[in-house]
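Below is one structure, written out as structure tokens; comments come after it.
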Amino acid sequence: MSDRGTVLPILALLLLGGALAVALAVEVGRCGAAWREASFAADAGAEAGAAAIDPAAAYRGELLLDPSPAEREAVTAALAARPRAGRVAVANADTTRVCVTVSQPFPPGLLGSVAVERLITASACASPGQG
């Protein structure tokens, strides 16, 4: 009985496993970066929306938001912050705070043959304050 050639299949399996581990690590890193981008956009939108102060309330000495302009400003800023294709921003505001939810697609990269496209979502809220 000869043991010639028994290392080759084991080596092939180890190389395949190593390549899959590297691909998974890259995908996890890309997913984290996409989430940070969505989170940054949500933060930027919330901060921009929180700057839409109601002028009548400001003259009375109160820091209250004007909800409709706050929502418009929040969505505009969230879409403008590091723009990405397919990004969607939704804002909800009342007189005390504005909240922004940003969603953007995350297409699979190295694991494209076994992974599906996901949607990355991040939210942020902000209130007007005295600086």
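The values are calculated or read from the model by the stated rules, or taken from the named source; none is laboratory data. Quick caveat: nothing in here was measured; it's all calculated off a predicted structure. Using ideal geometry, Cβ is built from the backbone for each residue, glycine included, and neighbour counts are taken over all protein chains shown.
The combined condition, being over 13 Å from GLY49 (Cα atoms) and either of a type in the set (A, V, I, L, M) or not in a strand (DSSP E or B) (or both), is fulfilled by VAL102. For the stretch 1-54, the candidate set comprises residues that are acidic (Asp, Glu) and farther than 18 Å from ALA74 by Cβ; within that set, the residue that is surrounded by the fewest Cβ atoms within 10 Å (Cβ to Cβ) is ASP3. Of all the numbered requirements in (1) assigned to a loop (DSSP other than H, G, I, E, B); (2) more than 19 Å from THR121 (Cα to Cα), PRO83 misses one, and that requirement is (2). Only residues that are in contact with a helix residue (DSSP H, G or I) (Cβ under 8 Å, 6 or more places away or on another chain) and closer than 15 Å to GLU37 by Cα were counted across the stretch 81-93, and they come to 5. Residues in the stretch 55-79 that are closer than 24 Å to ARG36 by Cβ and either surrounded by fewer than 14 Cβ atoms within 10 Å (Cβ to Cβ) or among the polar types (S, T, N, Q) (or both): THR76 alone.
Each residue in the stretch 23-41 was checked for being in contact (Cβ under 8 Å) with a residue 24 or more places away in the chain and within 18 Å of SER103 (Cα to Cα), and 9 pass.
Filtered by the rule that a residue be surrounded by fewer than 19 Cβ atoms within 10 Å (Cβ to Cβ) and within 14 Å of the chain's Cα centre (by Cα), the stretch 116-131 gives ARG118, LEU119, THR121, SER123. Got at least one residue in the stretch 102-115 being farther than 30 Å from ALA19 by Cα, at pLDDT 90 or above, surrounded by 15 or more Cβ atoms within 10 Å (Cβ to Cβ) and not β-branched (Val, Ile, Thr)? Yes, there is a match, as at least one residue in the stretch 102-115 is farther than 30 Å from ALA19 by Cα, at pLDDT 90 or above, surrounded by 15 or more Cβ atoms within 10 Å (Cβ to Cβ) and not β-branched (Val, Ile, Thr).
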